[in-house]
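The values are calculated or read from the model by the stated rules, or taken from the named source; none is laboratory data. Note that the structure is a prediction, hence the values are computed from the model and not measured. With ideal geometry, Cβ positions are generated from the backbone for all residues, glycine too; neighbour counts draw on all protein chains shown.
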Amino acid sequence: MRIDSAALSHEGRVRTNNEDAYCERPREGLWAVADGMGGHENGEWASAAIADALSMVVIPQPFEEACEAIADAIHGANRRIWRQAEQRGTQMGSTVVALFIRDRRFAVLWVGDSRAYLVRGGMIHQLSRDHTQVQEMLDRGLLSEADAQDHPMSHVLARAVGVRDDVEVDVIQDEVEPGDIFLLCSDGLTGQVEDFEIGEILNLNEPDPATRKLVDLTLDRGAPDNVTIITVAVHEPTLLSFVEPAVTVNP
């Protein structure tokens with residue numbers, strides 16, 4: 001398969017620093033977004049620790065072993081952030097969502113509320129499930145979908161990397177189909193742009209313009225948070241398994 005990807009991160013209209021970070025390794029089939037928390041340099045440090053860990057992890061050839069190595073890298077980043085927080089006498093942490101593609105299989109690994117989407121056959125599907133207190137209340141039937149929309153605790157995380165000495169990483173796996181479009185993002189996007197709008201833009205554009213349009217739309221709507229997006233498009237098989245990303249932008 002031929003895979004094109006694009007990544008873009010922006011601090012938004014309100015914040016003066018960017019606590020998001022991302023990892024893009026198209027040749028190895030690995031992409032990830034991390035959204036730090038803890039304020040200013042603490043959040044930046046936490047998300048960067050995850051991006052660094054995933055940038056450096058050695059990925060074995062067997063698919064299952066590769067997924068385990070990626071999860072281990074997240075666990076390693078969790079321990080590193082936890083120790084750093086203890087040294088600083090503060091709390092810091094980060095979300096993470098990672099996409100791994102090899103041959104005709106993919107895996108999504110995540111902690112927190114940064115999301116993974118898949119557009120297939122013109123329809124958008126959320127692959128990840130938010131680790132938030134509101135989502136947990138929804139799952140238990142304690143809250144309706146309508147009440148959850150504008151709930152004051154909608155962004156309170158139930159799980160994050162670095163806030164405890166250990167963390168559970170959720171993983172899903174499935175088959176890849178030509179024409180699939182994946183999107184990873186921080187909640188700076190999903191807080192301002194509806195899922196159907198994301199799907200429409202991804203359906204009509206290649207990764208580079210799609211990513212730019214989504215960031216621009218977020219900025220047009222005020223962008224109170226940092227926003228980071230990675231778009232990954234899978235094309236019909238060619239002699240090349242992977243190519244360089246269509247564009248990688250570091251504003």
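Scanning region 84-96 for residues that are touching a residue at least 60 places away in the same chain (Cβ under 8 Å) and among the hydroxyl-bearing types (S, T, Y), we see that the one that is farthest from H131 (Cα to Cα) is S94. The set of residues from region 27-43 being surrounded by fewer than 20 Cβ atoms within 10 Å (Cβ to Cβ) and either within 18 Å of the chain's Cα centre (by Cα) or under 19 Å from I74 (Cβ atoms) (or both) comprises just one member, E28. Could you tell me which of the residues I59, I70, I50, I81 is touching a helix residue (DSSP H, G or I) at 6+ places or on another chain (Cβ under 6 Å) and without any contact (Cβ under 8 Å) to a residue 60 or more places away in the chain? Going through I59, I70, I50, I81 in turn, just one is touching a helix residue (DSSP H, G or I) at 6+ places or on another chain (Cβ under 6 Å) and without any contact (Cβ under 8 Å) to a residue 60 or more places away in the chain: I59.
Which of the residues belonging to region 18-39 are assigned to a loop (DSSP other than H, G, I, E, B) and at pLDDT 95 or above? Walk me through how you get there before you give the answer.
In the first step, residues of region 18-39 are kept if they are assigned to a loop (DSSP other than H, G, I, E, B); the result is 18-19, 26-29, 38-39.
Correct list: N18, E19, P26, R27, E28, G29.
Look at region 187-202: where a residue is of a type in the set (F, W, Y) and a partner is buried (at least 16 other Cβ atoms within 10 Å of the Cβ), sitting 6+ places away or on another chain with Cβ atoms under 8 Å, you get F196/I124. Hey, any hits in region 111-132 for a residue that's part of a helix (DSSP H, G or I) and either closer than 26 Å to N18 by Cβ or touching a Lys or Arg at 6+ places or on another chain (Cβ under 6 Å) (or both)? Within region 111-132 (the criterion being part of a helix (DSSP H, G or I) and either closer than 26 Å to N18 by Cβ or touching a Lys or Arg at 6+ places or on another chain (Cβ under 6 Å) (or both)), the answer is no, since none of the residues qualifies. Go through the residues of region 64-72 one by one and say whether even a single one is among the β-branched types (V, I, T) and closer than 18 Å to D170 by Cα. There is at least one residue in region 64-72 that is among the β-branched types (V, I, T) and closer than 18 Å to D170 by Cα.
Only one entry of L214, L239 meets the criterion of being among the hydrophobic types (A, V, I, L, M, F, W, C) and at pLDDT below 95, and that entry is L239. Considering the conditions (1) within 15 Å of the chain's Cα centre (by Cα); (2) modelled with pLDDT under 95, H10 is excluded by exactly one of them, (2). Residues that are on the phi < 0 side of the Ramachandran plot and surrounded by fewer than 13 Cβ atoms within 10 Å (Cβ to Cβ) within region 69-103 comprise R83, E86, Q87, T90, listed in sequence order.
Filter region 69-98 for residues that are outside any helix (DSSP H, G or I), polar (S, T, N, Q) and at pLDDT 95 or above and give the result.
If the condition is that a residue be outside any helix (DSSP H, G or I), polar (S, T, N, Q) and at pLDDT 95 or above, then S94, T95 are the ones that fit.
For region 137-167, a residue qualifies if it is at pLDDT below 70 and of a type in the set (D, E, K, R), and the qualifying residues are D139, E145, D147, D150.
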